[in-house]
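Quick note: the coordinates plus some simple rules give every number you see, no bench work behind them. This structure is a prediction, so every number in the text was calculated from the model and none was measured.
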Amino acid sequence: MLRGFLLISLLLTIAAVAVLGFRGEKGTNEPWEIFPDMVRQMKVRAQSPLNFFADGRGPRMPVNGTVPIGYEMPKPQTVGAPESHSVAGFSVGPDYIDTGKMGNNWGTGIPVLVTAELLQRGRERFNITCAMCHGATAVGNGIAKQHGLATVVTLQDDRIRKMADGEIFNTITNGKNTMMAYGPNIMVADRWAILAYLRALQRSQGAAIVDVPPEHRADLEKPAENKPAEAKPGENKPPANKPEAPKK
C-alpha cells in the first residue's frame, strides 16, 4: 500500500512539473489557462481600434449635450456657436457656502437668494437624490425604507427641524452613518437648493394660519371655483335629467 502511495505521489509531482515548469516560455500557440486571465477577456480598450463599428473606433463619441463631470450645463448661446462648459461649483473653499461652518460652529441661513426657481430646482434634486430613502415629504418612508433600509430617519423630526442649516449641508456633503456622501455628485448650489426645499417641506407639514401672509389669508376662505352651490336645508333640489323612454 505504501508503494502505491509513493507511486501516485511521484506521478502527481511529475504532472505538476510538466504543467507548471514551462511557465514563462514563449510560443506561437495560445497558452492553456485553468483560470483565464481577465486581461485577455473580450472588451473594448480605451483609445483602441475596434472593427465592430464602421469608423473603427472602440469608444463611442458622447451624445450631443453631454456634460462632463464637474461642469455645468451650457448657457444659451447663439446658433452655430460651439458649446462651452464652465467649471461647476463643488466644495473648494473655506467659506460658509462651501463648508456649512461659521468659524468653528455650524452656521444657519441659506447663503444664496431663495427664489421660486431655487425651490423648484431643490424639489427636482430632492426627488432625484433624496426621496428614494426619505420619501417625497421627507417623513422617512421612501422606497428604500420600505424594502429594508431601517436606518432611514424622518427629516420632519424636531431634532432635524432645529438642526443648523450648515450641519445638514455637511451631512449632504460628507454623509453620516449609512448615508453616503453626495458632495462629489451634487454641486454646492444644488445642495443649498435641496436644503431650502427641505425647509419648505418641514414648514408645510406643520403650517398654521399665522404662516400665511395676512394679505392672503382671505383667499383660504374663498369657495373653490366651479364648485356647485350646496342646497339649503328644506330646499328642493332640481330633478335629475333622466333619459326618456324610447317611443314604441
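Amide H to amide H under 5 Å from K101: which residues, 5+ apart in sequence or cross-chain, H placed 1.01 Å off N in plane?
The list, which skips near neighbours in sequence, is G107.
Cα centroid distance between region 181-214 and region 112-174, in Å?
So the two Cα centres are separated by 8 Å.
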